[in-house]
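A.B. asks: Quick one: the structure is below, questions incoming.
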Amino acid sequence: MTETASIDPALFREVMGHYPTGVVLVTGVHPDGEDLAAIMGTFTSVSLDPPLVAFLPMKSSWSFKRLQECPSMCINVMTGDQEAVGRTIASRKENKFEGIAIYRSPSGDPILEGSLAWIDVRLRETIDAGDHWIAMCDVRDMKIDTPTGPLIFFQGGYGRFTVPSLIARLEEDLVGAINHAQVARPELEGLANIFGCEAGLLTEVNRDELACVASAIAPGIALEDSLGNRIPLIPPLGDMFIAAKGPEDEAYWLNKAVVKEDAPKFAARVAHARRAGYSLSFRPEGGDDSNPYVDMIEATQRWTKGGLTPAQEREVRDTLSRSAVCYTLRELEPEKRYDIGSVVVPVLHDDGRLLHILRLSQLPRQSSGQDVRVWIEALRAAARRIGARLSARSDTQA
């Protein structure tokens, strides 16, 4: 009889968490007609001849108990873009696919639209494996549907696998924005010098990240006090950008809030930005002369360098969520004094599409509400001029 070593469970999870596993959604149709689904964080190919695959459900999984009774199952290999829909399905006790686009495998089991691949299987045997089962399956049919980066589970969090060629494509996608930055640069320099601050042009890299593609600073403003060139799109950052998007993008952004109870506050900021056409952040009231952005600057600069593991990404997200910078909505009173952290407005195409975001930061301390209004209107006017020039350029190139 094999002797089992005594291993601390926390140590086991930490060590094994450094090895990534693919994430799949196992679906089936129960004999009573119910569509079933369960997320599996461990899936592997087993044999080529005969073709076998396996996934490892926990013994406590009620969904797997039901799936075992299905005549067939379909393994959906999930993409890096399907994390949110996977969480939605996992959170539901019934009606797993309500409002979610699916089609059917050859055996009639649900397949998520947009899945990387699907594998039609029959359960061959269930093998006892400690607190898990090994569900060994015969492969009956399979297909690649969306050849893109898969969703993986690594260091206790979900992420996506991206090969260098895909990263290069992301950089290529910024070429147009960098060209736009040349149009915006005179406006940025004017704003920075007039108001004694930093002015920046931000653009979308992807659904999870913004990039600062151009900036200007006034004399005496420290460049090292700037945020990183890349900024994760997680609450509270990016509310002005999200305000120009639709409900799906807003829900995706809010779902990334580190403290879920703060989501209504962030939703209110997005609604205000949408109505008012600008967004403000504030330095803490009654604070000392220390810079409340220090931790945020360090976190975004770490993000900019890239190559973070999921655990390091969580550290960055936690730091940003705990920032001393205040994002509570306030009405500006003309005579009252404010320490403004940033002012942000959208740059729109003539047809209403969001092109970029304009941001003022490192602003003068203890400025009146009237001064802040002047900043907002000047920033809006600059955004209109930039938007008009970029619209004219795109019309000429069309």
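A.B. asks: If Thr88 satisfies all but one of (1) free of Cβ contacts under 8 Å to residues at least 60 places away in the same chain; (2) of a type in the set (Val, Ile, Thr); (3) assigned to a strand (DSSP E or B), what's the number of the condition it fails?
C.D. replies: (3)
A.B. asks: A further question on this structure: Condition check: assigned to a strand (DSSP E or B) and either within 21 Å of the chain's Cα centre (by Cα) or under 23 Å from Thr44 (Cβ atoms) (or both). Does Ile111 satisfy that?
C.D. replies: Working: assigned to a strand (DSSP E or B): yes; either within 21 Å of the chain's Cα centre (by Cα) or under 23 Å from Thr44 (Cβ atoms) (or both): yes.
Here the answer is yes, as Ile111 does meet what is asked.
A.B. asks: Check the stretch 67-84 and report whether any residue there is under 16 Å from Asp35 (Cβ atoms) and charged (D, E, K, R).
C.D. replies: So in the stretch 67-84, the residues under 16 Å from Asp35 (Cβ atoms) come out as 67-76.
Add one more test, that the residue is charged (D, E, K, R), and what stays is 69.
Checked the stretch 67-84: at least one residue is under 16 Å from Asp35 (Cβ atoms) and charged (D, E, K, R).
A.B. asks: Residues that are part of a helix (DSSP H, G or I), closer than 22 Å to Asp351 by Cα and within 11 Å of the chain's Cα centre (by Cα): does the stretch 235-245 have at least one?
C.D. replies: Checked the stretch 235-245: no residue is part of a helix (DSSP H, G or I), closer than 22 Å to Asp351 by Cα and within 11 Å of the chain's Cα centre (by Cα).
A.B. asks: Also, I was wondering about something else. Of the conditions (1) over 19 Å from Ala214 (Cα atoms); (2) without any contact (Cβ under 8 Å) to a residue 24 or more places away in the chain, Ala381 satisfies every one except a single condition; which number is it?
C.D. replies: It fails just one condition, (1).
A.B. asks: Do the conditions hold for Glu69, that is, is it farther than 21 Å from Thr148 by Cβ and surrounded by fewer than 22 Cβ atoms within 10 Å (Cβ to Cβ)? Steps first, please.
C.D. replies: Values: farther than 21 Å from Thr148 by Cβ: yes; surrounded by fewer than 22 Cβ atoms within 10 Å (Cβ to Cβ): yes.
Yes.
A.B. asks: Suppose we filter the stretch 315-349 for residues that are at pLDDT below 80 and of a type in the set (D, E, K, R); how many remain?
C.D. replies: 1
A.B. asks: Select from the stretch 6-52 the residues that are within 29 Å of the chain's Cα centre (by Cα) and among the hydroxyl-bearing types (Ser, Thr, Tyr) and list them in ascending order.
C.D. replies: Tyr19, Thr21, Thr27, Thr42, Thr44
A.B. asks: Considering each of Ala84, Ala90 in turn, give the residue that is touching a Phe, Trp or Tyr at 6+ places or on another chain (Cβ under 7 Å) and at negative phi.
C.D. replies: On the way: Ala90 fails: touching a Phe, Trp or Tyr at 6+ places or on another chain (Cβ under 7 Å).
Answer to the check: Ala84.
A.B. asks: Now for a separate question. Select from the stretch 142-172 the residues that are among the charged types (D, E, K, R) and within 19 Å of Val23 (Cα to Cα) and write down the one among them that is modelled with the highest pLDDT. Write out each step before concluding.
C.D. replies: Within the stretch 142-172, the first condition is being among the charged types (D, E, K, R), and the residues that meet it are 143, 145, 160, 169, 171-172.
Next cut, within 19 Å of Val23 (Cα to Cα) only: 143, 145, 160.
Values: Lys143: 88, Asp145: 83, Arg160: 59.
Selected residue: Lys143.
A.B. asks: Would you check which residues across the stretch 321-374 are assigned to a strand (DSSP E or B) and surrounded by fewer than 20 Cβ atoms within 10 Å (Cβ to Cβ) and list them? Full working, then the answer.
C.D. replies: As a first pass, look at the stretch 321-374 and keep what is assigned to a strand (DSSP E or B): 326, 337-338, 340-348, 354-361, 367-368.
Passing the criteria: Cys326, Arg337, Leu354, Ser367, Ser368.
The values are calculated or read from the model by the stated rules, or taken from the named source; none is laboratory data. These numbers were taken from a predicted model, which means no experiment stands behind them. Please note: Cβ atoms are built from the backbone with ideal geometry, for glycine as well, and neighbour counts cover all protein chains shown.
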